[in-house]
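A short worksheet on the structure shown next.
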Amino acid sequence: KNQVEQSPQSLIILEGKNCTLQCNYTVSPFSNLRWYKQDTGRGPVSLTIMTFSENTKSNGRYTATLDADTKQSSLHITASQLSDSASYICVVSDPGGYNKLIFGAGTRLAVHP
Amino acid sequence: DAGVIQSPRHEVTEMGQEVTLRCKPISGHNSLFWYRQTMMRGLELLIYFNNNVPIDDSGMPEDRFSAKMPNASFSTLKIQPSEPRDSAVYFCASSPSSRGPSRRDEQFFGPGTRLTVL
């Protein structure tokens, strides 16, 4: 079964610190991998989209990496801010014929002052 | 651009009642998705429309669930009769794909409808 596993489940860091979230997937073949940010009470918002040929992609203080050989991805957040408190969801596109997305359970990040 | 619009934002109903959730996708987007999010199962795709036609409804849990897209600017998700286990947040998302979705097409999510079935 195609799955997307994320770790840790939750994380607490102090404002200004860096952190890295992990994602392992078994979806194969593989089309693209996305990281979404979901604030409490809101819908997910895309941070990055990477195809299998891309190793890294940045969006401001967010940097995603991808290793298609080991089927691992990470999301690194630099100089965290209170507004980074949210759930971060790793999403892999289904190898089927359309843009079907398979979602991880997410990592809940809390940034404390 | 107003983004994807969903209504209502919150719905509380009693078991057995009919529930209708509404979605207005972003103008010009050809693909529309209905998702359900729960703490236990995370985000799950319920149904996908392309050019108003249902393409994949394999995620619809039971016959109690039905979805329609009568035109490019409106879709509904109906639950009849509702049950307590249907309590969840239901998201609608749209994507700008044209001739079948590109695999890099962004999906834009609405704010969701929080459904509580008592």
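The values are calculated or read from the model by the stated rules, or taken from the named source; none is laboratory data. From a predicted model like this one, the values you see are computed outputs, not experimental measurements. All Cβ positions, glycine included, derive from the backbone under ideal geometry; neighbour counts span all protein chains shown. For the accessible areas, the whole protein counts, side chains as well, though only heavy atoms, and no ligand, DNA or RNA atoms are used. Shrake-Rupley method; radii C 1.70, N 1.55, O 1.52, S 1.80 Å.
Here are some notes:
- Cα-based Rg / Dmax (Å) for chain B: 13.6, 42
- Expressed per residue, the C-alpha convex hull volume of segment A:49-94 stands at 81 Å³.
- In a reduced charge model with +1 at each Lys and Arg Cβ and -1 at each Asp and Glu Cβ, segment B:7-71 shows a dipole moment near 280 debye about its Cα centre.
- Cα-Cα over 21 Å, subset of A:LYS37/B:LYS68; A:LYS71/A:LYS100; B:LYS24/B:LYS78: A:LYS37/B:LYS68
- The Cys residues in the protein assembly as shown with no partner Cys Cβ within less than 4.7 Å of their Cβ are A:CYS19.
- If you take all other residues with their beta carbon under 11 Å from the beta carbon of B:GLN80, and give Lys and Arg +1 and Asp and Glu -1, the sum is -3.
- For B:ASN30, the residues 5 or more places off, or on other chains, whose built amide H falls under 5 Å of its own are B:SER95, B:SER97.
- Entry comment: accessible area of segment A:1-102 is 47 Å² per residue, from protein heavy atoms only and a probe of 1.4 Å.
- For B:CYS92, the residues whose modelled amide H falls within less than 5 Å of its own, excluding neighbours fewer than 5 places apart on the same chain, are B:TYR35, B:GLY110, B:GLY112.
- With the whole protein complex present, B:HIS10 retains an accessible surface near 130 Å², based on a 1.4 Å probe.
- Dimensions (Å) - the protein assembly as shown, Cα atoms, principal axes, largest first: 48, 41, 37
- The C-alpha radius of gyration of segment A:1-47, expressed as a fraction of 2.2 N^0.38 Å, stands at 1.40.
- Residue-by-residue Karplus 3J(HN,Hα) for segment A:39-50, coefficients 6.51, -1.76, 1.60, Hz, glycine and proline x: 6, 4, x, 10, x, x, 10, 5, 9, 8, 10, 10
- GNM flexibility winner over chain A from A:ASN32, A:ASN59, A:ASN24 (Cα, springs under 10 Å): A:ASN59
- Considering only trypsin sites (Lys or Arg not before Pro) in DSSP loops that have at most 12 other Cβ atoms within 10 Å, the longest stretch of chain B without any of them is B:42-98.
- Unit Cα scatterers, Debye sum, segment A:19-81: log10 I(q)/I(0) for q = 0.16, 0.28 Å⁻¹: -0.52, -1.28
- Accessible surface buried at the B:A interface totals approximately 1800 Å², computed with a 1.4 Å probe on protein heavy atoms.
- In terms of overall dimensions, the C-alpha atoms belonging to chain A reach 44, 28, 20 Å along their principal axes, ordered largest to smallest.
- Solvent-accessible area per residue for chain B (1.4 angstrom probe, square angstrom): 50 Å²
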